[in-house]
Every structure is written in C-alpha cells, then in structure tokens.
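*Asks:* Here it is: the structure, laid out below.
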Amino acid sequence: MLVPSDIQWDKETEVVVVGYGLAGAVAAITAREKTDHIMILEKQGADSHYSNSSMSGGFVMRPSDVNGSIEYMEALCQVDESLYWTNTDTIRVWAEYTTQDKDWLENLGGQIKFISKAAEYPQLPGADSIEVWQYPGTGWRMMKLMYEQVKSRQIEVWYQTLAQRLLTNEKGEVIGVRAIKARDGQQDEVSIRARKAVILCSGGFEGNEEMKLQYLRVYPIYFTGGSVNTGEGITMAQEVGADLWHMNCCSGRLVLKFPDFSVAFPLNPSGRAFGKHMFRSLSEKAPAGFIIVDKFGRRYMSENFKAHAAWYQLTVYDANRLEYPRVPSYYIFDRRRMEHSPLVLMSRAAGRYRYYKWSRDNKAELKKGWIVNGDTITELANRIGISGKTLNKTVRVWNKHCEEGKDPEFGRNPMELIPLDSPPFYAIELFPGGPNTQGGPRRNSQAQVLNPFGNPIPGLYAAGECGSIYGMLYPATGSNLAECIAFGRIAGENAVCEAEKV
C-alpha cells in the first residue's frame, strides 16, 4: 500500500516484527543485539496470548552434521535434476543455522535434551544426521523463556494490534505497517514506520477456511494449533508483490475435531507415552490394537503412517460420488485401547493450554458421544453409519493377519499386530489436519521475501511458518521449531543491517 505524502506516523522504529511466536521472538532478540529500535506487533491480548510454538511438544530438530543434513533436505526437496521444492542455497543456510540451534538456546539459559535420531524418511541419504531434541516442559516452557528474554531486553510489544497492510514508498520499498490497535475499548487505526525493515512472523492460515479450501489438497481440514493464524501476513505480502510457495503443503496427520472447539486434537494412536517413547513405536510391542478405516469400513493404508504426511492419504477424491471417501475416517479399537490411556496426545489443546482436559480413561468423551461404542462390530458399524458387513470383514481379515504375524495388505509393523477381540468395540472420527500450514511468501537464504521474478522486496523479511522452507515432505519431528529459531535469527541479523529508507 503506497503511503500518502501527508501520512502521520503513530510510531517510528527501525524494525517491526509482525507476530509473537517463536520466530518473532527470535527475530526480535537477534535484531536487538544491534539496535534499540525494534518492536513486535501481536494480534492477541497479553493475557490470552498463545502461539503454535507454545502449544507444541517442544521438539527441535537439530542436525548433527551440516553436510549430511544438506544431503537429506536436498533429497526431500528434489523433484528432478533441475526442479526443487526449495532451492539449494536456502537449504544450505538452513542446515548451517539449525545445527546451531542448541547452542543458541543454551546461550540464552535454555536447554534441549537429545531424544533420538528420527528422520521422517530414514531411507534417504543423509538421514542419519537428523536428530530430534526436546525442550523440557514442551513448547510452553520454551516460549516462557522467549517472553522473559524479550522483556529483559526491553523490546516493546504491542498486544491486541492486528497488522493489516504493508506500507511502501514510491520505490516499492516496505517502510511500515498499517494496523488496528485495540485500546481503551476502541479500535484505532495506527501507522507504524519501519525505517529499515518489516519481518513477517505471523504464522500460516490454519484458521482461515477460505484459504484452506483454495490452497490445500483436501477439505475439510482441521489444525491442532493456530486457530488465530488467519493468513494476514500472506495477503499483506501479496499486496506488495510477493511470490508464494508451498501453499498446498502442511505438516499434516490425523486429528480429532469436535464442534465445541475451534482447534483439533492430535490422535495418540498407539497409546504410548508422550515424549521419548514416541520414537520407539516400531521396536516395542504395542499396548493395544487398532485399525483405521474409511467411511465405508475399509482399511486403506498402514497405520504406521508418517507422522507429518498421513494427511496425503486422505486427499483421494471420488469424482463419481463427489466426495472424499476417507473424510472422515474412523479409528476402530477395543476395550484394551480404551482402558489403556487417553486417545489424544496430551500437548496442544488437551495439554498445557487446557482448552479441554481429556479424561485419563476416555470415559468422559464416551459419555459426550465423541467416542461411539458397540457390544459387537455390527452394532458399532450401525452406530457410525457404515456397513456392518464390510466392517466385520475388515476386522476378521485384520485379526487373521495378527494371528499370522504379518499384514500382506499394507505391511503394518508386526509389533502392532494386536487383534480386536476384546469387546466392547469403539470408534472415533478422524480428519486430515495437524499442527500447521507451511505456505506463504517465498523467501531466500537471507530470509528476504521475493517477488515472482526472484528479486527481494526491499525492506521485507519472513520467518517461521509464514512461508516455511519446507515443501511437500516434512524432514522430522521438531523441524518447524528448528526453522523458527534458524530463520528468526537470519531475518533479525539481516533486517537490522538494511539501509534506512525515506
């Protein structure tokens, strides 16, 4: 938006950071090393503020080797000899900076602990270099550290301030932000001048139904965080000529969604404990059996799905029936799984932020009708509206696979071949979804936002999931937090070195 010649600025500073999640905090902390003139705009109120980062499990992907992680990411991103989801220069810088994430956190007084080598695609070259670490106390505790660091550096934060437009001069340089600030019970339009740069750290579009419908591969799709992430940073960047990338990509799995809540709940399919035990699912005997079926009662994939790519399995569309046959799907289990542990991971909506406190034995959710039960498979099928004949056949075949110790249909891990033979039987709806979207303004290795011709838009940077560097395939658990730290630092370092604009 071109600023008028007679604009009256309500605030002037050198760098404006839009969004106060992990990427925004890191960018501000980094820029503060070289300037006193920096501020953060956050649409939420101070008392109700939460971000995807704070609702996360606190996992941080950290490569043990720069060259190995470059090799791994290039293998993930390469489509053919010349086509990549993400260019190699950006991958190289990502590898260099994410390798430093642990040291950067420790220098602030934080810590992360090694969990496991856990590349999502261990068959690819360089996968052995991909490690997962965790911040004790999950993402909520990590963000508490960030808030303390921002406060101790006296970085100004304007809460309840919704950024709406990027302001430009006649040269096309970004020189500020137009926002709506809530104060004293009123909504005031404010213009904030950024003499050097604006950094977009405003997240994705998990809470924007129109954008999800237009950009993602299936609908409906629900997310376990970021209901306040409604894509303003993306549309703001578009107005000033930004190119977009990765808009049809997200970190997606299978989730539970109920009308009572704006956010979804992440499924804990095997019932294993949250944390380090999450990464042992292929080597330890499962505590109970389960299968996943489509809306017609048929299995369609191995339930040992990729944690951040399972949603692709639900994007199949039947053009004759005019429907997605796998939306919703159903998680089918018996008494043993019901009694073992909560059906959801106790982070995000059911965890620290307590949108809802899930019961340990799942009985409260059964009473609410979220979980459906039946004394027989036929009764269960009737109650969820699918063919009893088909679901009975599916369960019989599954139990036979368990007896024989192998799953010739989909290659399920033998350690999870547990029969469904302990009535009553249960079902719960599953939808595609996950932690976050990945798409947004395309950026380069310096975190500069690019136009469709590959040229940087002067004065505009981005970090975090607002234009994440991850494309179709997600590297490993904790990759988003790792990128927030890495590109938050990159954006902060470079933005503060920009020449002042008039």
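Readers should treat all values here as calculations from the given coordinates under stated rules, not as data from a laboratory. Predicted, not measured: the structure shown is a model, and the values here were computed from it. Using ideal geometry, Cβ is built from the backbone for each residue, glycine included, and neighbour counts are taken over all protein chains shown.
*Asks:* Calculate for the chain the 222 nm mean residue ellipticity that helices alone would give, adding -39,500 (n - 2.57) per DSSP H run of length 4 or more and normalising by residue count, nearest 500 deg cm²/dmol.
*Replies:* Using -39500 (n - 2.57) per qualifying helix, the result is -7500 deg cm²/dmol.
*Asks:* Which residue, Met236, Pro63, Gln134, has the largest displacement toward the positive end of the dipole of the chain when charges sit on each Cβ (Lys, Arg +1; Asp, Glu -1)?
*Replies:* Gln134
*Asks:* Mind pulling the angle between the C-alpha long axis of helix 138-152 and the longest principal axis of the chain? Nearest 10 degrees, somewhere in 0 to 90.
*Replies:* 10 degrees
*Asks:* Within segment 387-417, which trypsin sites (Lys or Arg not before Pro) sit in a loop by DSSP and count at most 14 neighbouring Cβ atoms inside 10 Å?
*Replies:* Those satisfying the criteria are Lys406.
*Asks:* Fewest Cβ neighbours within 10 Å first, please rank Met338, Met472 accordingly.
*Replies:* Result, fewest neighbours first: Met472, Met338.
*Asks:* Listing Asp361, Asp6, Asp334, Asp375 from the residue with the fewest other Cβ atoms within 10 Å to the one with the most, what is the order?
*Replies:* Asp6, Asp375, Asp361, Asp334
*Asks:* Output wanted: per-residue J couplings in Hz (rounded whole) for segment 438-451, from phi through Karplus 6.51 cos²θ - 1.76 cosθ + 1.60, θ = phi - 60°, x for Gly and Pro.
*Replies:* So the Karplus estimates, Gly and Pro as x, are 10, x, x, x, 5, 10, 9, 5, 9, 6, 6, 7, 10, 8 Hz.
*Asks:* Do you know the relative contact order of segment 251-434, to the nearest whole percent, from alpha carbon pairs under 8 angstrom that are 6+ apart?
*Replies:* Rounded, it is 33 percent for segment 251-434.
*Asks:* Using a ≥ b ≥ c from the Cα gyration tensor of the chain (square roots of the eigenvalues), is it rounded, prolate or oblate, where a/c under 1.5 gives rounded and otherwise the larger of a/b and b/c decides, a/b for prolate?
*Replies:* Prolate, because a/c is 1.5 or more and a/b exceeds b/c.
*Asks:* Could you list Ile7, Ile40 so that the one with the fewest beta carbons within 10 Å of its beta carbon is first and the one with the most is last?
*Replies:* Listed from fewest to most nearby Cβ atoms, that is Ile7, Ile40.
*Asks:* For segment 299-422, what ratio Rg/Rh do Cα atoms give with a Kirkwood hydrodynamic radius?
*Replies:* Over the Cα atoms of segment 299-422, Rg/Rh equals 0.97.
*Asks:* How many percent of DSSP beta bridges within segment 251-434 run antiparallel, rounded to 5?
*Replies:* In segment 251-434, DSSP labels about 95 percent of beta bridges as antiparallel.
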